[in-house]
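The values are calculated or read from the model by the stated rules, or taken from the named source; none is laboratory data. Here the structure is a predicted model, which is why all the values come from computation and not from measurement. Cβ placement follows ideal geometry from the backbone for every residue including glycine, while neighbour counts extend to all protein chains displayed. Keep in mind that these areas ignore ligands, DNA and RNA; they rest on the heavy atoms of the full protein, side chains included. Shrake-Rupley method; radii C 1.70, N 1.55, O 1.52, S 1.80 Å.
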Amino acid sequence: MKLEVERVSKRFRSSDNLPLAVLCDISFELGVNEFVCIVGPSGCGKTTLLRIIAGLEQQDSGVVKMDGAPVRGPDASRGMLFQDYALFPWRTVRQNIEFGLEIKRVPPAVRRSISRHFISVVGLEGFEDRYPHQLSGGMKQRVAIARALANDPEVILMDEPFASLDAQTRVAMQRHLLRVFNESKKSVLFVTHNVEEALYLGDRVLVFTKRPGRIRAVLSLPAERPRDLLDPEFVKLRAQILEMLNQELKWKDQEPA
Ligand code: ADP
Ligand code: MG
């Protein structure tokens, strides 16, 4: 297994300083070149889980292992991609993509050839010298993907990366991501609140409960790609997941304050 998450739990303090259980006993594995999607109600701890896996946040109990070794902090083996792109506005497309390589002191000529490669992978040739504010949302997200890939992580952690894109761009980005995934043999952990997106992309889908997030169900999806979401099998899976999410929302309303 590339990544193992074993019995991870996390509490925060709420604004009135009460303990707030956010994640409860989360266990799952991510294989080499496996694409796992997480869906769950807002606030159930998805972002927190990705931050723990990235090494940006410390769990209270449990362990995260990469290739069998416990994660102790952020490192280049796990790249995180955020919903808001997190590009540097003062750097061009090329400079954004080369940022991690600069930090690693990769020589300029090597940097240039790596960034050229990933600019072509995400289809941004001709935009190398543009600044983020000169790009559309979809293009910015492609820069963020290229930047993550340029660092050559083994695991890519994606936190609702396409949530702010319009429907058409989103579909184009999903296709793009699958192409990169197929070619690069990375492992991907992808958070989304869009059930169709999870069904289109994932090898497996983890459905989380409301906070504190637990894994409510794990669904394995048919292997063939591209997916036809109108296929009866996917229609059924979609209904199953939506039903589970609906139940989570209902129970939330019944909870004492
Ligand atoms: P999701 O991504 O599933 O919407 P999050 O992981 O962002 O959920 O947050 C889960 C819960 O933890 C939320 O109630 C959020 O307010 C709370 N939370 C997240 N980060 C912190 C923090 N640093 N301190 C206190 N509470 C936090
Ligand atoms: Mg989140």
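List of remarks:
- Qualifying residue in region 196-217 (condition: open to solvent by less than 20 Å² (accessible area, probe 1.4 Å), assigned to a strand (DSSP E or B), touching a Lys or Arg at 6+ places or on another chain (Cβ under 6 Å) and more than 16 Å from ligand 1 (Cβ to nearest atom)): no
- Taking the criterion of being crowded, with 18+ Cβ neighbours inside 10 Å and of a type in the set (A, V, I, L, M, F, W, C), the residues of region 63-98 that qualify are Val64, Met66, Val71, Met80, Leu81, Leu87, Val93, Ile97.
- The one condition in (1) at pLDDT below 95; (2) under 19 Å from Gly79 (Cβ atoms) that Glu98 fails to fulfil: (1)
- In region 167-193, the residues that are within 16 Å of ligand 1 (Cβ to nearest atom) and open to solvent by 40 Å² or more (accessible area, probe 1.4 Å): His193
- Selection of region 152-166 for residues being within 16 Å of ligand 1 (Cβ to nearest atom) and either among the acidic types (Asp, Glu) or within 20 Å of Gly100 (Cβ to Cβ) (or both) yields Leu157, Met158, Asp159, Glu160, Pro161.
- Filtering region 39-80 to residues that are closer than 16 Å to Pro212 by Cβ and assigned to a strand (DSSP E or B) leaves Ser61, Gly62.
- Of all residues in region 1-38, those that are within 16 Å of ligand 1 (Cβ to nearest atom), part of a loop (DSSP other than H, G, I, E, B) and of a type in the set (A, V, I, L, M) total 1.
- Figure legend. Inter-residue proximity from region 13-32: first residues among the aromatic types (Phe, Trp, Tyr), second residues open to solvent by less than 100 Å² (accessible area, probe 1.4 Å) and within 16 Å of ligand 2 (Cβ to nearest atom), beta-carbon distance below 7 Å, spacing 6+ or different chains. Indicated pairs: Phe28/Leu206.
- Any chance Phe28 is in contact with a strand residue (DSSP E or B) (Cβ under 6 Å, 6 or more places away or on another chain), surrounded by fewer than 21 Cβ atoms within 10 Å (Cβ to Cβ) and aromatic (Phe, Trp, Tyr): yes
- Residues (within 21 Å of the chain's Cα centre (by Cα) and open to solvent by less than 60 Å² (accessible area, probe 1.4 Å)) located in region 99-129: Gly100, Phe118, Ile119, Val121, Val122, Gly123
- Filtering region 192-220 to residues that are of a type in the set (D, E, K, R) and farther than 27 Å from Asn182 by Cα leaves Lys210, Arg211, Arg214, Arg216.
- For region 231-257, the candidate set comprises residues that are at pLDDT 95 or above, of a type in the set (A, V, I, L, M, F, W, C) and surrounded by fewer than 15 Cβ atoms within 10 Å (Cβ to Cβ); within that set, the residue that is nearest to Val5 (Cα to Cα) is Leu242.
- Scanning region 141-166 for residues being open to solvent by 10 Å² or more (accessible area, probe 1.4 Å) and either aromatic (Phe, Trp, Tyr) or over 23 Å from Ser113 (Cβ atoms) (or both) gives a total of 6.
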